[in-house]
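Participant: Here it is, the structure in full.
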Amino acid sequence: MKQTEPDFWVLEYVTITKDPRTDLVVAIGGTDQAADILQRTGGFLSAPGPRGGYHRLPHDLPVEQQRRKATAASHALLAAGHSVHLDPTLNMLVAPDGEREAALRYLASLAERAAAATTSSEVAEVLTEVAAPAHGFLPLAREVVVRAWIAASDFQGAAPAGEPDPIARLGSTATSMSEAARAILHARYHAARPAQRPATTSPPPSRAQPAESRCR
């Protein structure tokens, strides 16, 4: 007897995440019921998109409000039976130090991978995680330093005359971090190249000795 797959009534999947280009919190997917929950519970607004409509939170919301509204909407959707993926960075119910601990664990694992590498390509993979332009740890850390420099410049006055300005030096520190990332990427590209065996060179032919020299 042929077995047939049962019919399931599965509501369309909803993804709530933060768009890295615009910093908007967007919700993609879902039914009309999901759209109603997003609007009533999370304050999301409907918006047209090139591939269909979606929902987003209003512009210029503080980060904590974004997280609060996204978390509330996701749990309301789950309670109504919808399948939801909520970006962990928007989840207010995550332990406060959870992301930091996860980052520290991942950095420790990268150090272990580098120590245990048996090929240059494995080393290149680790260096990519450290200095990749978009998501490498070093460029992300540089972004933190730059934003802290801008914010601190607004809050702090100029240093006394004749004294170095530690806040101003953050700008040059960010530049140094960019240069370090470029150096690491250059090393990464070199490590990723296939190893080339040195060409074997045969010894130069010996010169034939004159006949009279051989007879001596």
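The values are calculated or read from the model by the stated rules, or taken from the named source; none is laboratory data. Please read all numbers here as calculations on a predicted model, not as lab measurements. FYI the Cβ positions are ideal-geometry reconstructions off the backbone, even for glycines, and counts take in every protein chain you see. Surface accessibility is based on the protein's heavy atoms, side chains included, excluding ligands, DNA and RNA. Shrake-Rupley method; radii C 1.70, N 1.55, O 1.52, S 1.80 Å.
Participant: Using a simple spin-label model with points 7 Å from Cα along the Cα→Cβ vector, what separation in nm is obtained for ALA116 and GLN39?
Facilitator: Rounded to a tenth, the inter-label distance reads 5.2 nm.
Participant: May I ask you to rank ASP165, ASP154 by accessible area, largest first, using a 1.4 Å probe over the protein chains only?
Facilitator: Final ranking, largest accessible area leading: ASP154, ASP165.
Participant: Taking all pairs of different Cα atoms in segment 2-92, averaging 1/r and flipping that mean, what Kirkwood radius in angstroms comes out?
Facilitator: Taking every pair of different Cα atoms in segment 2-92, averaging 1/r and inverting gives 13.5 Å.
Participant: Sorted from largest down, give the three principal axis spans of the alpha carbons of segment 36-181, whole angstrom values.
Facilitator: Sorted largest first, the three principal extents are 59, 53, 35 Å.
Participant: Gain in length, THR173 to ALA47, computed as 0.36 nm per residue apart minus the alpha-carbon separation, to one decimal in nm?
Facilitator: The span from THR173 to ALA47 would gain 41.3 nm if fully extended.
Participant: Right, next: State, to one decimal in nm, how far the label point of ALA187 lies from the label point of ASP165, with both points 7 Å from Cα in the Cβ direction.
Facilitator: Reported label-point gap for ALA187 and ASP165 is 3.3 nm.
Participant: How much length is gained on full extension from ASP60 to ILE150, taking 0.36 nm per residue of separation minus their Cα-Cα distance?
Facilitator: Extra length from ASP60 to ILE150 when fully extended: 30.5 nm.
Participant: Further question: Report the accessible area of THR31, computed with a 1.4 Å probe over the heavy atoms of all protein chains in place, in Å² rounded to the nearest 10.
Facilitator: It works out to around 50 Å².
Participant: Also: Using each residue's phi in segment 139-153, evaluate 6.51 cos²θ - 1.76 cosθ + 1.60 at θ = phi - 60° and report the 3J(HN,Hα) Karplus result to the nearest Hz, with x for Gly and Pro.
Facilitator: x, 5, 5, 4, 4, 5, 5, 4, 5, 5, 4, 5, 5, 5, 5
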